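Encoded as structure tokens, the structure appears first; notes follow it.
The values are calculated or read from the model by the stated rules, or taken from the named source; none is laboratory data. Because the structure is a prediction, the values reported are computed rather than measured. All Cβ positions, even for glycine, are placed from backbone atoms using ideal geometry, and neighbour counts span all protein chains on display.
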Amino acid sequence: MKNQAALYLRSSKDRSDVSISAQRRELYSLAKQRNLVIVDEYVDAVESGSTENRPGFQEMFNAIKSRDRAWDTILLLDTSRLSRRQYISHFFEYECEKKNITLIYKSLPVEDPISAMMLKAVLQAMDQWHSMISKQKGLAGMSENVKQGFRAGGSAPRGYSLEKVTTKTIRDGVAVTKSRLVPNDDAELVGELLSYRAKGLPRQRVHDSLDIKWPTNSTLSMEWNALTYAGHTVWNVHAERREGKSITGMKRRPRSEWHIKENTHQALISHQQAEMILSQLESKQRKSKPTKAIYLLSGLLYSAETGEKYHGDRAKYYRLGKSKRIPCDTIDDAIMKQILSDLQSNYFIKAITNKAREKLNPQTRNVKRGAITRKVDDISKKIIKLMDLITEVDDTAPYMARIKDLNTQRDELELKVYEMNRLEMDSKDINEFDIKRALASLATELQTLDRDQLKDMLSVIISKINVLESTPQKREPPRAEIHYRINSRGVVMASPRGFEPLLPP
């Protein structure tokens, strides 16, 4: 696999963009200079670099994780080929680092491993971004399932069973199956129940007359599934939840956001009956409809004096106890300005530079490497002993299985040693310019995120924000001290100047 490389080529919709063939010529020339053999190629023609949902990019990303991959280097024309969104690029580079894959950009005449390493240290939050990206891909897949009339997941509602349907897709040698709904023994009773509910008859009265034993609250859930019982596949009904709670305060999204594919399975009630049921439910819901609010700093704000946590209040305030409130807009804007200022301050740059040099201290690294090397030697000795025993027994299967396990352990440990060797460098080579550039990229990315994404990112780089409330005597505006963690294993620090005002004096 050494000296073997793959190309990634991407052109955008911009007519002035570099063509695929031109990129290929440039990279083959680069491969020749580096004594690399091109063994694979991933192409995205006329694809935007602002998203990771590109066929060629996804194929390349899957290949990174594959044991059958035949290359350990990826060649690209420039950084924009990979992505025009920094968090996507940083995450991809981070995944390549974990798999010992080298990324080479032709537009960068000299590789900059120090900068790449610092981006990894500063943006360790990419593990969380990975889950967000995976979630987006999963949602896109479920949406496509609905468009094709399949279930987007979950168990069958009462009155139906799941029927597996084989598709033409083959994955890992096995045909992929998807699910459709088919009526079961409860279908007739469910249809009768919902027909009565469409007429407005009370739920408990219907239960009694039909001698239904299941709880009435489960019938309420069935009513919200009325369109499913009308023969339609419906998805994206339930509101997004975080930490077990709805972000918007509503259990379900507005009807305008539901994904509906009509006439995908046998109906138990008519479409008109389903609409009548939903109309009754929605009329009750509108009477107490809460206001949508995303509290940007919820879970991060604490009282500096008591350690108590602030909570969102009426979509306008962060509240402490029963009486102390801070307007959301005021503190959100002030905290964001302070974060952007901190990330570009000399204090941060120097602190992270010193921490990086400390982590790369040769003495510390050599101690860890020595311990791992000794473990590798011990495993090698065990393997040799087992190989000797194999010649003396009839049933070799248990011994071969144990040897396989030991070889896997040894490979993992040797990979760790290899990663340490790749970081073998003099700590003085780490400079504040690289750190400043990495922090600037993080600050820029924060300004491009929507409110929901920003909330997730802040929870990764900030451990807490201590608020120092004003006293009646002083009548000063509240002040706050931000405690950063940057990443879980790296630098932890507070605001450079301590408590900063949240309101101008």
_Just to be sure I understand, how many residues within the range 331-356 are small (Gly, Ala, Ser), surrounded by fewer than 18 Cβ atoms within 10 Å (Cβ to Cβ) and in contact (Cβ under 8 Å) with a residue 40 or more places away in the chain?_
1
*Within the range 440-455, can one find any residue that is part of a loop (DSSP other than H, G, I, E, B) and modelled with pLDDT of 80 or more?*
yes
*Of the residues in the range 25-59, how many are within 22 Å of ALA70 (Cβ to Cβ) and either aliphatic (A, V, I, L, M) or assigned to a loop (DSSP other than H, G, I, E, B) (or both)?*
11
*What about LYS381, is it closer than 30 Å to ILE482 by Cα, exposed (fewer than 15 other Cβ atoms within 10 Å of the Cβ) and either modelled with pLDDT under 75 or out of contact with any strand residue (DSSP E or B) (no Cβ under 9 Å at 6 or more places or on another chain) (or both)?*
no
*Working only within the range 41-58, note down all residues that are surrounded by 15 or more Cβ atoms within 10 Å (Cβ to Cβ) and either within 19 Å of GLU95 (Cα to Cα) or not assigned by TED's automatic domain parsing to the domain that holds SER12 (or both).*
GLU41, TYR42, GLY49, GLU52, ARG54, GLY56, PHE57
*So, in the range 1-24, of the ones that are part of a loop (DSSP other than H, G, I, E, B) and among the basic types (Lys, Arg), which residue ends up modelled with the highest pLDDT?*
LYS2
*For the range 299-317, what are the residues that are under 17 Å from ILE462 (Cβ atoms) and more than 29 Å from the chain's Cα centre (by Cα)?*
SER303, ALA304, GLY307
*Quick one: which residue in LEU320, LEU300 is closer than 21 Å to LEU442 by Cβ, at pLDDT 85 or above and surrounded by 16 or more Cβ atoms within 10 Å (Cβ to Cβ)?*
LEU300
*Checking GLN363 against (1) assigned to a helix (DSSP H, G or I); (2) farther than 30 Å from VAL460 by Cα; (3) at pLDDT 75 or above, which test does it fail?*
(3)
_Residue that is modelled with the lowest pLDDT [pool: residues in the range 424-439 that are among the acidic types (Asp, Glu) and over 21 Å from SER83 (Cα atoms)]_ = ASP426
_Search result, residues across the range 295-347 that are of a type in the set (Gly, Ala, Ser), within 25 Å of ALA438 (Cβ to Cβ) and either part of a loop (DSSP other than H, G, I, E, B) or touching a Lys or Arg at 6+ places or on another chain (Cβ under 8 Å) (or both)_ = SER345
